Amino acid sequence: MQRHIFHDAVKRALQKEQWVITDDPLRFQFGNVNFQVDLGAERLLAAERAGEKIAVEIKSFLNPSAITDFYAALGQFLSYRLALESVEPERSLYLAVPVDVYQTFFQYEFTQSAVQRYQVLMVVYEPVSEVIVQWTR
C-alpha cells in the first residue's frame, strides 16, 4: 500500500509541472526481455522542454537497509537505461527518490560517487505535498 502512495505522489507531482503521463506503467521489450518502468511522461507545452520524453522509476526506500534498496534501485536503473537507449533513445530515464532519503543517504560519499560514476538522473520528490523538489542531471 505504501509503495502505491509514493507512485501516485510522483505522478501528481509530475502533472503539476505540466508533464503529461503517457504510460502508467511504461512497458517495452528489448530482445527477449520485457521491461516495465513505473511511469512514462512527455512535456508538450513548456518551451524549454517541449517534446522531452522521460521514464521515471519510483523508489520509496522504505526497507530498513537503505544500501540494500540502493543496490536494487541502481541495478534496475542501469538495466532499464541500457534497454531504453536501444528501444527509445529519445527518452531519458530518471530515478525518483523521496526528499528525506535524498537529503540523508544520497549525501553519503559512496552514494554520490555511484550516482556520478553511473550518471544517474534523479527526480527528488516530496511525497506528502506531492511536489518535485529537485531535478538532477
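Scan the range 75-94 for residues that are open to solvent by 10 Å² or more (accessible area, probe 1.4 Å), of a type in the set (A, V, I, L, M, F, W, C) and farther than 18 Å from Ser60 by Cα and jot them down. Leu82, Val87 - these are the residues of the range 75-94 that are open to solvent by 10 Å² or more (accessible area, probe 1.4 Å), of a type in the set (A, V, I, L, M, F, W, C) and farther than 18 Å from Ser60 by Cα. Flag: Gln112 does not match the condition of being over 15 Å from the mean Cα position of the chain (by Cα), closer than 21 Å to His7 by Cβ and open to solvent by 60 Å² or more (accessible area, probe 1.4 Å). Taking the listed residues Val37, Val97, the one that is open to solvent by less than 40 Å² (accessible area, probe 1.4 Å), in contact with a strand residue (DSSP E or B) (Cβ under 9 Å, 6 or more places away or on another chain), closer than 19 Å to Ser113 by Cα and not aromatic (Phe, Trp, Tyr) is Val97, with no other qualifying.
The condition of being closer than 21 Å to Val128 by Cβ, of a type in the set (Asp, Glu) and under 15 Å from the mean Cα position of the chain (by Cα) holds for only one of Asp23, Asp100, Asp8, that being Asp8.
The values are calculated or read from the model by the stated rules, or taken from the named source; none is laboratory data. Predicted, not measured: the structure shown is a model, and the values here were computed from it. Ideal geometry is used to build each Cβ from the backbone, glycine not excepted, and the neighbour counts take in all protein chains shown. We work out accessible area using only protein heavy atoms, side chains counted, and drop any ligands, DNA or RNA first. Shrake-Rupley method; radii C 1.70, N 1.55, O 1.52, S 1.80 Å.
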